[in-house]
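Below is one structure; the comments refer to it alone.
The values are calculated or read from the model by the stated rules, or taken from the named source; none is laboratory data. The structure displayed is predicted, hence computed values, not measured ones. Every residue, glycine among them, receives a Cβ derived from its backbone with ideal geometry; neighbour counts consider all protein chains shown. Heads up: the accessible areas ignore ligands, DNA and RNA and are worked out on the full protein's heavy atoms, side chains in. Shrake-Rupley method; radii C 1.70, N 1.55, O 1.52, S 1.80 Å.
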Amino acid sequence: MRLPLIPHPISPPAGLTLEVEARRAGRVLSLEYVLAGPVERVRWPQAAARARTDELWRTTCFEAFVRTADGYVEYNLSPSGAWAAYRFDGYREGMRGLEIAAPFIVTRTAPGRFGLTVDVDLPEDATGQVGLTAVVECLDGSIAYWALAHPSDKPDFHHPDSFALELP
């Protein structure tokens, strides 16, 4: 199912649109993000090794949040190839690294279009509640925060009501 992400009202979309397709098969979450419009205005991170890297959200990064039996997990997926995964006990509490196999991030570009595809391993206790998000930084330094839902007056992807998609 392909879903539109919407920019937070305080962040300019810069003429871009963003959609994501999400599928779950057992303990694998498959994601395909498609950013369309003037993608040449986006600040793309430098290509990097496929390695766990913190603070990827400080620039263009695609993310997913998945509720678990006792909290949630967060995946940060950079167009550079770098990635991160964290487990939380509750709302922004008990953050620690989530041990998963390094995801293989595939990117595609075409005029007016950028795509990022990835499969991530889910923990055994993952539920079907998912939040799909992205941070898109433009060359002028503006940052747009994209999500399925924005339940707060400030961008907050960790907000419990941001987990707006139910996957079987």
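List of remarks:
- Within the stretch 102-120, being part of a loop (DSSP other than H, G, I, E, B) and at pLDDT 95 or above holds for ALA102, PRO103, ILE105, PRO111, GLY112.
- Of the set (1) within 22 Å of ALA164 (Cβ to Cβ); (2) surrounded by fewer than 16 Cβ atoms within 10 Å (Cβ to Cβ); (3) among the aromatic types (Phe, Trp, Tyr), all apply to PHE62 but (2).
- In summary, TYR145 fulfils each of the numbered conditions (1) of a type outside the set (Gly, Ala, Ser); (2) part of a strand (DSSP E or B); (3) loosely packed, with under 14 Cβ neighbours inside 10 Å with the single exception of condition (3).
- Look at (1) open to solvent by 40 Å² or more (accessible area, probe 1.4 Å); (2) assigned to a strand (DSSP E or B); (3) not charged (D, E, K, R) and you find that PRO9 fails only one, number (2).
- Given (1) within 13 Å of the chain's Cα centre (by Cα); (2) modelled with pLDDT under 95, index of the condition PRO168 fails: (1)
- Selected residue [touching a Ser or Thr at 6+ places or on another chain (Cβ under 9 Å), open to solvent by less than 20 Å² (accessible area, probe 1.4 Å) and aliphatic (A, V, I, L, M)] from VAL73, VAL39: VAL39
- Count - residues of the stretch 33-71 that are part of a strand (DSSP E or B) and not small (Gly, Ala, Ser): 12
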